[in-house]
Each structure stands twice: as C-alpha cells, then as structure tokens.
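What follows is a single structure, written as structure tokens, with notes after it.
The values are calculated or read from the model by the stated rules, or taken from the named source; none is laboratory data. This is a predicted model, so every value here is computed, not measured. Using ideal geometry, Cβ is built from the backbone for each residue, glycine included, and neighbour counts are taken over all protein chains shown.
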C-alpha cells in the first residue's frame, strides 16, 4: 500500500507503486492534462517518476513557479534539438535556466546569424507542435562517455567523464535527440508553446578565456503568451529607458576610454547628484548621524588587519610610496573604525552613528562594467553604527523605518525584505549568531515587514538584511543593506568602556540606503525614463520668449525664479515657440513657461507641464507656489 499526502492535507492510498502522472489522473482528467512534473517530499521529479513509498506529493502545473522552470529547462533542450537538426555539425555543451528564460552554448564553425535564429525558432515550433514524448534514461557513466564521443559530442563526453564512475548518468531523449541532464522535464514537447529566441553572444567553454569561444543562444519561455508579451514589452521599455542612452540624450554624463569605469559628470547630471547627496545629508543630520570623511589611500597593513587584503586583493588598486604598499579604499568601514578609535569611548557614547559620502575604487573586470551602474570609481552613502549588542534591535527597527521613508520620497513603495543567515565559513560561536539573526528577524517583524530567509548567504562576520526595490517596470534592484559585524571591530582593536568599567568590543552595523550613488542615479533615470520629479530635475523650468520684445521680461522671470532657489534656464533663441516647446519636452523639463506681450504686460507666464499639459496663464507668484508645492511634495506619480 502506498500512502500519498497531497498539499491540501488529503491522502490517497494505492495498491501498488504509481507514477506521478498516475496520481494526477486518479485525481481528475484536468489535472492529468495540466501536470508538468511532481514534487515528492520537496524534490522535483518527472511525471513518469514511480512513487514506491509513502510520500508527500504536489502536482506541478504551469501555475507553479517550479512549473515555469520546468518549461524553461525543457525549452533549452528543445533549442538544442532544433540546432542539431538544422546544423548537425554543431556541438552542444550546457543549457541552464536563467532569470526569465534560458540559454544554450554551442560550438559551431561559423557565427549564427539572425536568419539562423529565425530558422531555429521555427524548427523549435515545429518540434513542439509534433508533441514528441520526452523520456528519461539512466546509463552507466563510461557507456555515456563512449556514446557521446562516438557521435562527435566531445564537450558532452568531457562533462560526463568528470562525473564519478559510480554515479549513474541521467539522459533525456526526445525523438532523435538525446542529452545529458539531471532533469526533470515536461512530459512532451507539446507542453512548450510560448518561447522566443532573443540573441547570440560569445561565452568561453567552462568560463575560461584560454578555452574555445562558444556561441550562446539566449531565449525566453513562458506558460502564457500574455506573460511573454508583457515581458517583451518590458524589455522594449527598458531599452528606451537605458540610462546610458538617457545620459547622452539629456547631456548628463559620459565615460571615456582613457578612464574606463570612471564617470565624467556634466552640469545637468551633477545637479541630479547634488540633489540626491544633499537630501541624504539631511537624512544624516535628522537621524543622529555625524558626517565624517576618511582618506582615499590607506596602508596595506590596515587592509591585512581588516581581512580585505586576503579576500579582496584582486579588486583593489595598489600603489607604493617610500617602499611602503598602499591601496585605494574599496570600502569605507576600516576608516570609520580608525575614527572611532581616535579616542576612548564609553557605553554612554553608544550608539555612535557615522555617515560618509565615501568615494571607493574597485578594479572590476572591464567586461563587467556597465554605464554608471557598474563602475570602478563610485561613491556610497555609507554609514556605520557602533553599538552594544542590546542596541542592535532598536537600531535595526529605526533604520528600516528610515529607509522606507527615503525610498518613498524617491518614489518607491514596493520593498522586498530578505534576511541572509550564517554561512558555513564564519567567525563567532553559534549562540552569538542565534542572537544576531533573531534580532534582525525581530526588527522586521516589529516593523510589520514580510520577509524571506536566505540560509547561508550572510557574510562571514554576521547576518544581514537586504532591501530590494521594484522600479516602474517591475524590475528588482537590491540597494539597501543592514549588516551585523562582530569581526572587524575586534580585528582593528575597537573598544568601549562598559558599565562594569571593563573593555568591550562594540558591534558594528554596516548600512547603506541608496548604496552606490552612481548606480542609484542610473536606476532613477531608468525608473522615471529620464523624466525626473521636479525636486530632482536638473532644470526645473525653462522660460521661452515668443519674440525679441520679451527678452528683458524673460530675464526678469528667470532671475526671480533663481532667487527663489529654483533651477531655471531661459531660451531666447530666434526659433518658433512650437520648436522650443518640442525641444524642451524632449529634454523632459517639468515646466515650460512661455511669455509674449500679453504675459509681459500682466507680469504673468503661460505654463505647460511635462506631458503637454496646458496649465494656462498665471501670475509669477502663483507659478512660484505651484513649483514649490511640487518640489516639496518630493514625488511625481506620473512616471514617464
């Protein structure tokens, strides 16, 4: 007798071992038709898997996240199947699932063309329509090596040869195509209905530049066409909003070949930077942080004490002076500990909160650089809190509330919270980790935040909370962090005198809200499509004249607005008003003011808001109030 417990708590009893598909069929024909796989005691399996013992079973359909992974994994194999049919000389290597899709790497004698991709996708559709069964086979390792070597698949043979001889080899067959895979897969190719090949790029075999350059075909696959359409629309919007494109279009910044990974900020881009920095500076001041500034270059000896030299050396820029080694700081924390250590501290001084707009440098590989999102020189809104263990909970609660307010002001309401717990390699005893993890979890629970736990993803020195935003396109951006550090203060000799008059090591909380200023501004540009809220816009208003007769009045209005603290420009060019309006609209200026003789004589302005909204004619004072209200609101719901 086989007892099967289903997710709703109900149980089914079978006289003999039964497949996952058989269980689904016994529940109902609808479920049998929808079943893509199963999850037995938490492990994913094929629908053909035989259950021969009492177990908990969930039938996986396209509605489940695991179902979508099954579809994408199987579509990667469908891609390889189609490539082998169209290009028999191509060799297959690996094809994993990735976020929103999959890829497969191939070795082939010439580059695949766009026409090739179209043909491959068409062949995939034909194979899917044929509804070819997908079946699992188990082979001995050496037999599998000989088989793949015999059909010229040297990469598959190499992969399998590296597997221990005693380990059975799982292969999946669909039609004439057979591939190495742990599985599971959908029951047949007919379950794969919605997919699209996206692009081809290069990838070294096993990620080693000494090996052959392979061709990586990327694709996306979904359970429903409307989901894929929404994803492709998001990609199209993301391309339009690419911060690199907006940086050029809006004249914000650029990067030179002579300074790879380093940003040249133009006046308008630096105006955005200043608004973010000054806002965060007020956050420091209003929440008990003391702003500090540490040096850019510190001795190798310090980096060895902190542990960075041993673990981070390859990413550090190193220099020498007078036979002594130094490094540009890749992070600010050791410098803050030195500031803390500059005098004897008491428990009465804690918590002690430092904040710094600290410029850091990291020697990132050139291939990893990406506009201002991934750079070699960046500035962090870095903060470190020195506290007692008893103060961890209250500091974390206060920080979460602060971070939420900041993100709301920048226009973000959706935050994802994740607690990363102890890794295998760590410092400190388990009791200390128990208390630290409990404090982080309790801080989120008291803050009313739903959270997930990522076991083993904490730092070696302590657990952390990761705060992830979703932008206007639904894309996640991991920004804020709160990290507990029991290690570095002790390594660098930080102490305080406790109530017992003994010396104690403080807990160090590493925290950042926006993280890298460069990356945050790039994210803001993409979130708003370059149409920044009025308080962040580099130019908040442009004053345009209709004819030369209003030039003096344009200068008067512009000067008046500048005296009110607004960022305003004038446009006195000998161009028609529709041209000026169109050009400044393309520059995404929040307000365009037009003045003719009538406005000049009435000391008024005709106001157009971004998006072509005509707000009519109003006195200068009324526009000042309008703009000030918009700026003070700190948010603009009309995301472009």
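Numbers at a glance
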| quantity | calculated |
| --- | --- |
| Among the residues listed as 267, 330, the single one being more than 30 Å from residue 567 (Cα to Cα) and within 30 Å of the chain's Cα centre (by Cα) | 330 |
| Qualifying residue in segment 21-34 (condition: within 31 Å of the chain's Cα centre (by Cα) and surrounded by fewer than 13 Cβ atoms within 10 Å (Cβ to Cβ)) | no |
| Residue in segment 108-118 that is over 36 Å from the mean Cα position of the chain (by Cα), at pLDDT below 95, more than 24 Å from residue 30 (Cβ to Cβ) and not in a helix (DSSP H, G or I) present | no |
| Residue count, segment 200-228 (criterion: part of a strand (DSSP E or B), under 19 Å from residue 110 (Cα atoms) and touching a residue at least 60 places away in the same chain (Cβ under 8 Å)) | 7 |
| Every residue from segment 228-260 that is under 11 Å from residue 473 (Cα atoms) and in contact with a helix residue (DSSP H, G or I) (Cβ under 9 Å, 6 or more places away or on another chain) | 238, 241 |
| Qualifying residue in segment 401-413 (condition: over 30 Å from residue 535 (Cα atoms) and assigned to a helix (DSSP H, G or I)) | no |
| Residues being surrounded by 11 or more Cβ atoms within 10 Å (Cβ to Cβ) and in a helix (DSSP H, G or I) - total across segment 281-311 | 14 |
| Meets criteria (over 30 Å from residue 274 (Cα atoms), modelled with pLDDT under 95, crowded, with 17+ Cβ neighbours inside 10 Å and touching a helix residue (DSSP H, G or I) at 6+ places or on another chain (Cβ under 9 Å)) for residue 489 | yes |
| Matching residues, segment 522-554, being under 30 Å from residue 375 (Cα atoms) and touching a helix residue (DSSP H, G or I) at 6+ places or on another chain (Cβ under 6 Å) | 522, 525, 526, 530, 534, 535, 536, 538 |
| Residue under evaluation residue 314, criteria (1) in contact (Cβ under 8 Å) with a residue 40 or more places away in the chain; (2) surrounded by fewer than 16 Cβ atoms within 10 Å (Cβ to Cβ); (3) part of a loop (DSSP other than H, G, I, E, B), criterion not met | (3) |
| Where residue 630 falls short, out of the listed (1) closer than 16 Å to residue 542 by Cβ; (2) in contact with a strand residue (DSSP E or B) (Cβ under 9 Å, 6 or more places away or on another chain); (3) modelled with pLDDT of 95 or more | (3) |
| Residue selected from segment 538-550 under the condition surrounded by 14 or more Cβ atoms within 10 Å (Cβ to Cβ) and farther than 22 Å from residue 246 by Cβ, by the criterion nearest to the chain's Cα centre (by Cα) | 543 |
| Output for segment 341-361, where each listed residue is assigned to a loop (DSSP other than H, G, I, E, B) and touching a strand residue (DSSP E or B) at 6+ places or on another chain (Cβ under 8 Å) | 344, 345, 350, 351 |
| Tally, over segment 28-84, of residues that are touching a helix residue (DSSP H, G or I) at 6+ places or on another chain (Cβ under 9 Å) and over 26 Å from residue 130 (Cβ atoms) | 6 |
| Failed item, numbered, when residue 122 is tested on (1) over 31 Å from the mean Cα position of the chain (by Cα); (2) farther than 30 Å from residue 33 by Cα; (3) part of a helix (DSSP H, G or I) | (2) |
| Residues within segment 125-155 that are surrounded by fewer than 17 Cβ atoms within 10 Å (Cβ to Cβ) and either in a helix (DSSP H, G or I) or touching a helix residue (DSSP H, G or I) at 6+ places or on another chain (Cβ under 6 Å) (or both), tallied | 10 |
| Selection count, segment 81-103, where residues are within 23 Å of the chain's Cα centre (by Cα), part of a strand (DSSP E or B) and crowded, with 20+ Cβ neighbours inside 10 Å | 3 |
| Some residue of segment 568-580 being crowded, with 16+ Cβ neighbours inside 10 Å and part of a helix (DSSP H, G or I) | yes |
| Conditions (1) surrounded by fewer than 16 Cβ atoms within 10 Å (Cβ to Cβ); (2) within 18 Å of residue 19 (Cβ to Cβ): number failed by residue 65 | (2) |
| Residue 169 being touching a residue at least 40 places away in the same chain (Cβ under 8 Å), surrounded by 14 or more Cβ atoms within 10 Å (Cβ to Cβ) and either closer than 13 Å to residue 73 by Cβ or in contact with a helix residue (DSSP H, G or I) (Cβ under 9 Å, 6 or more places away or on another chain) (or both) | no |
| Meets criteria (touching a helix residue (DSSP H, G or I) at 6+ places or on another chain (Cβ under 7 Å), modelled with pLDDT of 95 or more and part of a helix (DSSP H, G or I)) for residue 273 | yes |
| Scope segment 601-636; condition closer than 16 Å to residue 588 by Cα and either in a loop (DSSP other than H, G, I, E, B) or in contact (Cβ under 8 Å) with a residue 12 or more places away in the chain (or both); matching residues | 607, 608, 609, 610, 611, 612, 627, 630, 631, 635, 636 |
| Some residue of segment 32-47 being on the phi > 0 side of the Ramachandran plot, assigned to a loop (DSSP other than H, G, I, E, B) and in contact with a strand residue (DSSP E or B) (Cβ under 9 Å, 6 or more places away or on another chain) | yes |
| Residue list for segment 443-471, restricted to those being over 17 Å from residue 404 (Cα atoms), within 17 Å of the chain's Cα centre (by Cα) and in a loop (DSSP other than H, G, I, E, B) | 457 |
| Condition met for residue 555 (part of a helix (DSSP H, G or I), over 23 Å from residue 247 (Cβ atoms) and out of contact with any strand residue (DSSP E or B) (no Cβ under 6 Å at 6 or more places or on another chain)) | yes |
